[in-house]
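Here's the structure, in structure tokens; my notes come after.
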Amino acid sequence: MLERIHDVFSGNGLITAFALVGLLMLVCNLISKYLTAGRIHGSAIAIAAGLLLSYIGGVITGGEDGLADIALFSGMGLMGGSMLRDFAIVATAFGVDVNELKKSGANGVIALFMGLLVPFTLGGIIAYLFGYTDPVAVTTIGAGAATYIVGPVTGTAIGASSELIALSIAIGLVKSISVMIITPAVARSISLNNPSAALVFGGMMGTTSGVAGGLAATDARLVPYGAMTATFYTGFGCLLGPSVFYLIVRMLLGG
């Protein structure tokens with residue numbers, strides 16, 4: 001009987017993955033509601049739980065894809081892959097009011113470029129202070145400080161080692177979770193209560209998952225606006241990281 005159930009679940013991996021993630025979200029939302037009084041959004045708890053489960057799966061199997069290396073949870077590899085991720089990001093754009101997008105004007109553009117430049121610069125400086133003097137290393141870590149997607153894309157393009165790429169992802173994840181948790185706490189003090197502010201906020205923070213989760217805990221109506229500029233941020237970062245930023249770092253460090 002158990003073997004038959006196992007075969008059904010493993011044979012319908014994607015459906016099983018959706019069901020498990022839905023169950024995880026339910027549990028995490030209940031934890032958020034009853035244990036943190038809503039101060040920490042369920043999405044933030046779910047990300048932390050997902051990372052822990054991925055680590056456990058990797059330890060058990062000795063593989064590289066976390067839970068996806070276990071046959072029963074193989075659908076996680078597809079559900080968490082780039083195809084569905086990009087579909088989800090693009091889908092958020094359909095909730096945007098174009099008139100509100102136009103209102104942000106130059107503020108949104110400035111926020112986008114400053115949001116990329118500031119974390120990249122800070123990440124690169126910190127990397128240098130910790131002994132990373134190679135332009136490839138500094139650029140990869142700086143890109144990771146922008147987002148956990150820009151880091152590995154940049155690192156792969158310029159030939160960074162797997163250790164550096166892993167470090168850039170870790171830095172980006174810390175940023176994403178921090179943005180998700182802190183946003184609801186500071187939203188009122190920074191007047192994050194309208195679409196224009198959400199557009200600027202998404203451009204400054206850049207991490208789509210962190211911005212979306214943080215705005216969902218603040219006001220769900222703001223999510224599409226913040227996610228829109230955060231998505232542009234990721235795209236620009238992936239273009240500028242291995243080209244413009246890398247060349248600038250090479251000139252500064254003489255690599």
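Among the residues of segment 187-213, those identified as of a type outside the set (A, V, I, L, M), part of a helix (DSSP H, G or I) and open to solvent by less than 10 Å² (accessible area, probe 1.4 Å) are 202, 203, 210, 213.
Residues that are over 19 Å from residue 210 (Cβ atoms) and in a helix (DSSP H, G or I) within segment 154-165 comprise 155, 156, 157, 158, 162, 163, 164, 165, listed in sequence order. Sub-7 Å Cβ pairs linking a first residue in segment 198-223 that is within 22 Å of residue 113 (Cβ to Cβ) to a second residue that is open to solvent by 30 Å² or more (accessible area, probe 1.4 Å) and outside any helix (DSSP H, G or I), at least 6 apart or interchain, number zero. Among the residues of segment 152-172, those that are surrounded by fewer than 15 Cβ atoms within 10 Å (Cβ to Cβ) and either of a type outside the set (Gly, Ala, Ser) or modelled with pLDDT of 90 or more (or both) comprise 156, 163. Against the condition open to solvent by 40 Å² or more (accessible area, probe 1.4 Å), closer than 24 Å to residue 252 by Cβ and at pLDDT 90 or above, how does residue 141 come out, does it pass? No; evaluated as a whole, the condition is false for this residue. Counting only residues that are in a helix (DSSP H, G or I) and under 14 Å from residue 186 (Cα atoms), segment 214-227 holds 5 of them. Applying the criterion of being of a type outside the set (Phe, Trp, Tyr) and open to solvent by less than 30 Å² (accessible area, probe 1.4 Å) to the residues of segment 229-252, the residue that is nearest to residue 177 (Cα to Cα) is 230. Within segment 64-84, can one find any residue that is under 24 Å from residue 185 (Cα atoms), among the hydrophobic types (A, V, I, L, M, F, W, C) and modelled with pLDDT under 75? No, segment 64-84 contains no residue that is under 24 Å from residue 185 (Cα atoms), among the hydrophobic types (A, V, I, L, M, F, W, C) and modelled with pLDDT under 75.
The values are calculated or read from the model by the stated rules, or taken from the named source; none is laboratory data. It should be emphasised that the depicted structure is a prediction, and the values quoted were computed from it without experimental measurement. With ideal geometry, Cβ positions are generated from the backbone for all residues, glycine too; neighbour counts draw on all protein chains shown. Accessible surface is based on the protein model in full, side chains and every heavy atom, while ligands, DNA and RNA are left aside. Shrake-Rupley method; radii C 1.70, N 1.55, O 1.52, S 1.80 Å.
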